[in-house]
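Inspection log for the structure reproduced underneath, given as C-alpha cells.
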Amino acid sequence: MVRCLLNCSCKGPSPCTLTESCRKRDYEGYLCSLLLPAESRSSAFALRAFNVELAQVKDSISEKTIGLMRMQFWKKTVEDIYCDNPPHQPVAIELWKAVKRHNLTKRWLMNIIDEREKNLDDKAYRNIKELENYAENTQCSLLYLTLEILGIKDLHADHAASHIGKAQGIVTCLRATPYHVSRRKVFLPMDICMLHDVSQEDFLRRNQDKNVRDVIYDIASQAHLHLKHARSFHKSVPVKAFPAFLQTVSIEDFLKKIQRVDFDIFHPSLQQKNSLLPLYLYIQSWRKIY
C-alpha cells in the first residue's frame, strides 16, 4: 500500500526504507505526507527522514561530543548536496534528489541542523519565546521546505506556516514531558513555571496540583493561539498550500485531549494514539481546510 501511495518505482530499498523509518518515528508526519500530491510525496518523505535523523541524535548519545560530530556530518552532507556530491547514505541521497527536483532553500535545512545542535545542551527553555524560536527553526523550517516542494511561494502561506510550526513545537514539547520526566529532565519554559511558583521537582514528582496544571494550561494556550492565528489567514492562503498544513489536525486533537483531562500532562490517555487520526486527516484533506 505504501509503495502504491508513494508511486514508488525504486528497485533498491532506500526510498521505501526511509518511508518505513518515518512511519515508525514520525507517524503523524508520515500520515500527512501520504496525503500530499503524488509527485511531492517522495521529496516530503526525504525531508521527514532528514528531520527524524536529526531528532534522534539527542536521545541516542551518551556524550555531547558525539552529538556534535553527528551534526557536523549533516552540515557537511548538506553542503555536499548543494555541490551535487551527496554521500552514499540513503537519507542524503533522497534529500539530494528533493533539492534538485524542487530547488529547495539551503538555509532552511541548515537552520534545522543548527537549532538541533544548540538543543544538545539539555537545558530548559528560559521562556516561551525560546521555545517558539526553537520551533521556528525546526518545525517552521520543515513547513517552509514542504511549501517549496508543493511549488508555493506566498507570503500568507509563509505566515500560516510560521504559526503552525510554533504550535507544533509547543505541542511536541508538552507531549514529550512525561518521557523527559522519566529521564529526570524538564524542558518546559522556566518563566511560566516561575509565574505559578512551580519547580522542576514538582514535575519530577508528577505533582498534579492546580499550579502545575496552570503551567500546562498557559503553554497549551499559546499553542492554541498560534493555531488560531494560522487559521486567520485561511482565505488568503492558496488552496494548493493546504496539504502542507494537515498537521493542524493532530495539534488540535492533542489540545482537545489535554483540555478534557483538565491539563494533567501525565494522564495516560495523552500517550495513546488516536486510531481515527488517519480518517480525520483524510476528511480534512478532502474538505480542503486546515
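Restricting TYR144, TYR179, TYR134 to residues that are without any contact (Cβ under 8 Å) to a residue 60 or more places away in the chain, loosely packed, with under 14 Cβ neighbours inside 10 Å and assigned to a helix (DSSP H, G or I) narrows the list to TYR179. Within the stretch 28-50, the set of residues being buried (at least 24 other Cβ atoms within 10 Å of the Cβ) and not small (Gly, Ala, Ser) comprises CYS32, PHE45, LEU47, ARG48, PHE50. Within the stretch 197-210, the set of residues being surrounded by fewer than 14 Cβ atoms within 10 Å (Cβ to Cβ) and either touching a residue at least 12 places away in the same chain (Cβ under 8 Å) or within 30 Å of GLY151 (Cβ to Cβ) (or both) comprises ASP197, ARG206. Name the residues in the stretch 163-176 that are surrounded by 18 or more Cβ atoms within 10 Å (Cβ to Cβ) and free of Cβ contacts under 8 Å to residues at least 40 places away in the same chain, would you? Passing the criteria: GLY165, GLY169, THR172. Has the stretch 24-41 got any residue that is touching a Pro at 6+ places or on another chain (Cβ under 6 Å), assigned to a helix (DSSP H, G or I) and assigned by the TED database to the domain that holds ILE93? Yes - at least one qualifying residue is present in the stretch 24-41. For the stretch 79-107, filtering for residues that are touching a residue at least 40 places away in the same chain (Cβ under 8 Å) and either surrounded by fewer than 14 Cβ atoms within 10 Å (Cβ to Cβ) or not aliphatic (A, V, I, L, M) (or both) leaves 7.
Would you tally the residues in the stretch 214-245 being in a helix (DSSP H, G or I) and touching a Phe, Trp or Tyr at 6+ places or on another chain (Cβ under 8 Å)?
8
Taking the residues in the stretch 222-248 that are without any contact (Cβ under 8 Å) to a residue 60 or more places away in the chain and touching a Leu at 6+ places or on another chain (Cβ under 9 Å) as candidates, determine which candidate is most open to solvent (accessible area, probe 1.4 Å). Step by step, filter the stretch 222-248, then rank; the result is HIS224. Among the residues of the stretch 258-275, those identified as touching a residue at least 12 places away in the same chain (Cβ under 8 Å) and not aliphatic (A, V, I, L, M) are GLN259, ASP262, PHE263, ASP264, PHE266, SER269, GLN271, LYS273, ASN274. Within the stretch 50-92, how many residues turn out to be over 27 Å from TYR179 (Cβ atoms), in a helix (DSSP H, G or I) and over 22 Å from the mean Cα position of the chain (by Cα)? Number of matching residues: 4. Pairs linking a residue in the stretch 38-62 that is within 14 Å of TYR27 (Cα to Cα) and basic (Lys, Arg) to a residue that is open to solvent by 10 Å² or more (accessible area, probe 1.4 Å) and not in a helix (DSSP H, G or I), with Cβ atoms under 9 Å and 6 or more positions apart or on different chains, are ARG48/ASP26. Is one or more of the residues making up the stretch 110-131 open to solvent by 70 Å² or more (accessible area, probe 1.4 Å), within 17 Å of LEU47 (Cα to Cα) and not assigned by the TED database to the domain that holds ALA161? Scanning the stretch 110-131 turns up no residue that is open to solvent by 70 Å² or more (accessible area, probe 1.4 Å), within 17 Å of LEU47 (Cα to Cα) and not assigned by the TED database to the domain that holds ALA161.
The values are calculated or read from the model by the stated rules, or taken from the named source; none is laboratory data. Please read these numbers as outputs of a predicted model, since none were measured by experiment. Every residue, glycine as well, gets a Cβ built from its backbone with ideal geometry; the counts of neighbours run over all protein chains shown. We work out accessible area using only protein heavy atoms, side chains counted, and drop any ligands, DNA or RNA first. Shrake-Rupley method; radii C 1.70, N 1.55, O 1.52, S 1.80 Å.
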